[in-house]
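Okay, structure first, notes after.
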Amino acid sequence: QVRLVESGGGLVQPGGSLRLSCATSGSIFIIYTMGWYRQAPGKQRELVATVGNGGNSNYADSVKGRFTISRDNAKNTAYLQMDSLKPEDTAVYYCNVVGMSTVLTPRSTYWGQGTQVNVSS
């Protein structure tokens, strides 16, 4: 059983900051990639940022320069530091992990339940 739990969402004014956390637990032995996706009401889910084992990261153009993704491998936790937030950042943010549970299933994808981020004045 692999479980991802997001936290850190909430209500913030435009220009403010939030830090999201994604804690991974259960029978996962290697985490290759951790990432964040988001989905706004009436919109499709989109990739926000990913970070690999070596710390390499990728960002959506809409958040580049404002968001920073990081990971703590010892804690199996990913973070998303969100600065200079805009109303269009309002969405449910989902954590995503690609990792190895067993040698028979060496690559699997897992999702968290999501955490709400509201950016409004």
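The values are calculated or read from the model by the stated rules, or taken from the named source; none is laboratory data. For clarity, every value in this text was computed on a predicted model and none was experimentally measured. A quick note on method: Cβ atoms are made from the backbone with ideal geometry, for glycine too, and the neighbour counts reach across all protein chains shown. The area values use the complete protein model at the heavy-atom level, side chains included, leaving out ligands, DNA and RNA. Shrake-Rupley method; radii C 1.70, N 1.55, O 1.52, S 1.80 Å.
Antiparallel as a % of all DSSP beta bridges within the chain, to the nearest 5?
Counting only bridges with both partners in the chain, antiparallel ones make up about 95 percent.
If you find the alpha carbon centre of region 28-71 and of region 1-20, how far apart are they in angstrom?
Between the Cα centres of region 28-71 and region 1-20 lies a distance of 13 Å.
For the chain, modelled as a Gaussian network with Cα springs under 10 Å, which listed residue fluctuates most, TYR93, TYR110, TYR37?
TYR110
What residues from region 91-121 fall in the zone where the backbone N is under 11 Å from a label point 7 Å along the Cα-to-C-beta line of PHE29?
Hits in region 91-121 for PHE29 at 11 Å: 100-106.
Which shape class, rounded, prolate or oblate, goes with region 1-44 when its Cα gyration tensor gives a ≥ b ≥ c as root eigenvalues, a/c under 1.5 marks rounded, and past that a/b bigger than b/c marks prolate?
Prolate, because a/c is 1.5 or more and a/b exceeds b/c.
Looking at the P(r) of the chain, how many percent of alpha-carbon pairs lie beyond 26 Å?
For the chain, the share of Cα pairs beyond 26 Å comes to 17 percent.
Any idea how far apart GLU88 and LYS43 come out in nm if each label point goes 7 Å out from Cα toward Cβ?
Label at GLU88, label at LYS43, 0.8 nm between them.
Taking all protein chains as present, what is the carbon and sulfur share of the accessible area of the chain, in % to the nearest whole number, probe 1.4 Å?
About 48 percent, which is the carbon plus sulfur part of the accessible surface.
To the nearest 20 debye, what is the magnitude of the charge dipole of region 22-113 about its Cα centre, counting +1 on the Cβ of each Lys and Arg and -1 on the Cβ of each Asp and Glu?
The dipole of region 22-113 has a size of about 100 debye.
Under the 0.36 nm per residue contour assumption, what length would be gained going from the current alpha-carbon distance of ASN118 and ARG66 to full extension?
Gain in length upon complete extension: 17.1 nm.
Which parts of region 77-121 would a label at GLN13 reach, counting a residue when its backbone N lies under 16 Å from a point 7 Å out along Cα-to-Cβ?
Inside the label zone: 84-87, 118-121.
Tell me, what is the per residue accessible area of region 66-121 in Å², probe radius 1.4 Å?
Ligands and nucleic acids excluded, the result is 49 Å² per residue.
To make sure I understand the rule: partners must be lysines, Cα under 30 Å from the Cα of LYS43, and not fewer than 8 residues away in the same chain. Which ones qualify?
Correct list for LYS43: LYS64, LYS86.
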